[in-house]
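Read-outs throughout are calculated quantities, based only on the coordinates presented, and are distinct from any laboratory measurement. Bear in mind the structure is a predicted one, so any value in this text is a computation, not a measurement. In this analysis, Cβ positions are derived from the backbone assuming ideal geometry, glycine residues included, and neighbour counts consider all displayed protein chains.
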Amino acid sequence: MIARPALAAALLLLAGPAAAVDATVSAAPVTSFRGAGLDMPVDRLIFRGGLTLQSQDDTFGGLSSVSQTGPEQRITFVTDRGNFVAGQLAYDQADRLIGLIGVTIEPMQNSGGEVLPRQYARDAEGMDTIWRNGEAVAVRVGFEHLTRVADFAITDGKPGGPAREISIPQWLTDLRTNETLESVCIAPPASPIAGSTLLIAEEALDENGNHRAELLGQNDKGPLTYVNSPIVNPTDCKFLPNGDLLVLERGVSLFAFVMNLRRVPASEVRPGNLMEGELLLSAQGGEIDNMESLMVHQTPGGETRILIGSDNNFNDWQRTLLLEFALPDQGSSSISQ
């Protein structure tokens, strides 16, 4: 039996913010995809390689969304258990992804600066970065179960500190399942809706059976929809530098994971519209895992790349997989907003 003073101290410790911990992450290269070797075309993209990541730290995993959060390839993932996993993508002299280094894992905080109290409030699924004058200043995170959106300040490339909740439509707030808000992305300067935040729901469908979505902007604000496809649901989104929207879709067919990546023209991302993108990439089975995270970034060599990552759900039989691709028509261009 715990004495009352010890119990009070333990509860106080649990209520306060937890410090970030360092994690060592090992990486094994992925050099082929769907029969294609490095730098070979796969569907509408060019395969640039990838990694399978592992760590002895039991808090590393469940990576649900990823965004660039600083210079020199600094990135951050959000996880199913309410953590920020921050690190730096490492590249070799051939501009090939070789590792994730300097990894830290830090629990998210609520608006009062305390660690999120229970799993129901921790299921972070979508994230994008807010840029000002070329500097990453905050991340915007979407949560399932207790459906909400919140901003977290960035310091030295790492998000953290108390959450600042963002107002969202009531129809989203009312959703209380693990199939609600999956995708959060912010339109870049080249977009007709520059600066607006796009939210796409996983399973909330309109009267025509399409995925409900919402734009949170000053001038570009209101509902829109994303076309529903068999088997797959939207699980993450990011904008290309030119304003076109990428949507990652994920599903399960015959006990195997399925993944699609689609491109929606910038002009189609507007209130009241039904978004339907062209298929850039499709894969299933052992080539992929539970692909949930999507990022567009620039490598040290100056190439704009698409990074797609998997959520292993903290299961031993699943992988934490990163795959990188290039678009043939995308040259070197900054994504800073």
Within region 276-318, residues among the charged types (D, E, K, R) and buried (at least 19 other Cβ atoms within 10 Å of the Cβ) come out as Asp289, Glu292, Arg305, Asp311
Count, please, the residues in region 177-211 that happen to be in a loop (DSSP other than H, G, I, E, B), under 25 Å from Glu135 (Cα atoms) and either among the small types (Gly, Ala, Ser) or within 19 Å of the chain's Cα centre (by Cα) (or both). 7
Options Ala204, Ala136: the member that is without any contact (Cβ under 8 Å) to a residue 40 or more places away in the chain, among the small types (Gly, Ala, Ser) and on the phi < 0 side of the Ramachandran plot: Ala204
Condition set of a type in the set (Val, Ile, Thr) and more than 16 Å from Val247 (Cβ to Cβ), scope region 176-230, selection surrounded by the most Cβ atoms within 10 Å (Cβ to Cβ): answer is Thr180
Single residue of region 19-52 satisfying the filter (over 23 Å from the mean Cα position of the chain (by Cα) and not in a loop (DSSP other than H, G, I, E, B)) that is farthest from Gly286 (Cα to Cα): Pro41
State which residue pairs qualify: first residue hydrophobic (A, V, I, L, M, F, W, C) and inside region 247-265, second residue assigned to a loop (DSSP other than H, G, I, E, B) and surrounded by fewer than 14 Cβ atoms within 10 Å (Cβ to Cβ) in any location, beta carbons under 6 Å apart, and separation of 6 or more residues or different chains. Val258/Ile231
Anything in region 229-252 that is in a strand (DSSP E or B) and either farther than 24 Å from Asp80 by Cβ or not charged (D, E, K, R) (or both)? List them, or say none. Val232, Asn233, Pro234, Thr235, Cys237, Phe239, Leu245, Leu246, Val247, Leu248, Gly251, Val252
